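One structure is given here, and the rest of the page talks about it.
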Amino acid sequence: MNTSPDKMRAAIYGVGFMGWIHKLAYDRSRTADLVGFASRDAKKRQGDWSGIQGNFGPPGEQWDVSGLTVTDNLDGLLQDDSIDLIDVCLPPHLHVDAIQKILAAGKKALCEKPLALTAADAESLLASAQPGQLMVAHILPFMPAFRFLVEAKSDGRFGQPITGRFMRTISPPDWIPDFYDASRVGGPLIDLQVHDAHLARVLFGMPVSAHCASHFKQGVPKRYETILEYASTDESKFTPVVSLAGGVIDSPARGFTHGYEVSFEQATVRFEFAAYNDESTDTIPLTVMHNDGRLERPELDSSDPIDGFVDEINAAAEAVAGGPVHPVLDAKLATDALKICEMQMPTHDHDEHSDRVSNSGAGS
């Protein structure tokens, strides 16, 4: 394996679907090399990743792992002094213990979302990390249709964002048997909506409370409609109006949908994508509706979702090289996203048979 001394040297901990996607991104990166990985699976340690499949990207395959640091546990990676960063792609309930060990070993960590299953656990990791040591891989703002929003907020091309609607829905996740287990995956809010909660945090700041109507399964929200409440300030002309919707529908016919409509002071931006189980798709392409009536449909950089992960890894490499942490990878924002999800959790017992409850949760 040829590596460059100028590149970040990374190792993946956890070889599942996201580990495979990250491996593909390292293959394309010009600023990072994948130099190792850890897996309990003996076949995977021999390079046989052919059993991996997901809802985008190519299936896993056999690849040459000679020359890599390959181990069955995290300690084997931490003992390799040449590794700069551990890329944590484990199931969510294993994140906290792994990151604690990585931080204690003095290495940097890039952790797949969610950072933890609770905001309290995420805050404990923040407290343990040195500046720039912990980054969280919230991919959405690196995807072209969503990056457009973040860049528009950053450069002010349309003024400030003032309203937003975000939606993310999946068919029954039968391939994840513990999907609704709050101690392992956390259900739709923690696994799905955390993407949109993070994006809302990036665009609009931190809300003070959430008003959520939900259907439930196993005690966690299954389908939800949420309004985020923001405090008015003297510095802002507008108090944001933001809603989050989605969860799990009962039909396998539509595997995945996500989208948004965000209004800035001078334009409204819309995008939506849906994938169905017959391999057909629907798309409302990125559309900018200017307040003067002009329509604009910007060309997006790439339709390959792996490219977003390449940009994410390159951003992590810049931080490892001594640059500032990319704002999207900031672990504080990832913790805030979990707080927004928790604002929507039930604060009292509900009747599973009635399948619905309204909840108003305050931020901390």
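The values are calculated or read from the model by the stated rules, or taken from the named source; none is laboratory data. Bear in mind the structure is a predicted one, so any value in this text is a computation, not a measurement. Virtual Cβ from ideal backbone geometry, glycine too; neighbours counted across all protein chains shown. The area values use the complete protein model at the heavy-atom level, side chains included, leaving out ligands, DNA and RNA. Shrake-Rupley method; radii C 1.70, N 1.55, O 1.52, S 1.80 Å.
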Please enumerate, by chain and number, the lysines with C-alpha under 20 Å from the C-alpha of LYS107, excluding those fewer than 8 residues away in the same chain.
LYS7, LYS23, LYS332
List the residues whose amide H sits under 5 Å from the amide H of THR69, counting only those 5 or more places along or on another chain, with H placed 1.01 Å from N in the peptide plane.
GLY36, PHE37
Please identify the chymotrypsin sites (Phe, Trp or Tyr not before Pro) of the stretch 250-295 that satisfy two criteria: DSSP loop assignment and at most 10 other Cβ atoms within 10 Å. Which are they?
none
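Apply 1/(1 + (r/R0)^6) to the Cβ-Cβ distance of SER280 and ASP41, taking R0 = 51 Å, and write down the FRET efficiency to the nearest 0.05. Can you show the working numbers first?
Numbers: r = 34 Å, r/R0 = 0.67.
Efficiency, from the Cβ-Cβ distance: 0.90.
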Multiplying the sequence separation of ASP72 and SER236 by 0.36 nm and subtracting their Cα-Cα distance, what value in nm do you get?
53.8 nm
Under 5 Å between amide hydrogens, which residues at least 5 positions from ASP87 or on another chain qualify, with H placed 1.01 Å from N in the peptide plane?
ALA11, ILE12, TYR13, LEU110
From the square roots a ≥ b ≥ c of the eigenvalues of the alpha-carbon gyration tensor of the stretch 112-211, which class results: rounded (a/c under 1.5), prolate (a/b over b/c), or oblate?
oblate
Reachable aspartates and glutamates from LYS217, criterion Cα separation under 17 angstrom, eight or more residues apart if same chain
ASP174, ASP178, ASP181, ASP191, GLU225, ASP250, GLU342, ASP349, ASP351, GLU352, ASP355
Please give the FRET efficiency for ASP27 paired with ALA127, using the beta carbon to beta carbon distance and R0 = 45 Å, rounded to the nearest 0.05.
0.80
In the chain, carbon and sulfur make up what percent of the accessible area (probe 1.4 Å)?
47
Mind grabbing the base-10 log of I(q)/I(0) for the stretch 285-352 at q = 0.19, 0.22 Å⁻¹? Debye formula, identical points on the C-alpha positions, no solvent, two decimal places.
-0.92, -0.96
For the stretch 287-302 and the stretch 164-239, compute the distance between their C-alpha centroids and round to whole Å.
27
At q = 0.14, 0.15 Å⁻¹, base-10 log of I(q)/I(0) for the chain (Debye sum, equal scatterers on each alpha carbon):
-1.26, -1.43
Within a Gaussian network of the chain (alpha carbon springs, distance under 10 Å), most fluctuating of ALA245, ALA274, ALA253
ALA253
antiparallel share of DSSP beta bridges within the chain, to nearest 5, in %, is 65
Can you tell me the accessible area per residue over the chain, all protein chains present, probe 1.4 angstrom, in square angstrom?
45
Low-density loop trypsin sites (Lys or Arg not before Pro), the stretch 1-66, at most 11 other Cβ within 10 Å, DSSP non-H/G/I/E/B, are ARG30, ARG40
GNM flexibility winner over the chain from GLY247, GLY186, GLY205 (Cα, springs under 10 Å)
GLY205
Expected vector for the stretch 301-317, Karplus 3J(HN,Hα) from phi with 6.51, -1.76, 1.60 and θ = phi - 60°, integer Hz, x for Gly and Pro, equals 5, 7, 9, 8, x, 5, 4, x, 5, 4, 4, 4, 5, 4, 5, 5, 5
For the stretch 78-136, max minus min Cα coordinate along each principal axis, in Å, sorted largest first?
32, 22, 15
Compute the separation of the alpha-carbon centres of the stretch 103-157 and the stretch 17-89 and state it in Å as a whole number.
21
Quick check: net charge around THR163, other residues with Cβ under 15 Å of its Cβ, Lys/Arg +1 and Asp/Glu -1?
0
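Relative contact order for the stretch 256-351 using alpha-carbon pairs under 8 Å, separation at least 6, rounded to a whole percent?
13
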FRET efficiency estimate (nearest 0.05) - Cβ-Cβ, HIS93 to GLU296, R0 51 angstrom
0.70
DSSP-assigned coil residues among trypsin sites (Lys or Arg not before Pro) in the stretch 253-352, each with at most 14 further Cβ atoms within 10 Å:
ARG294
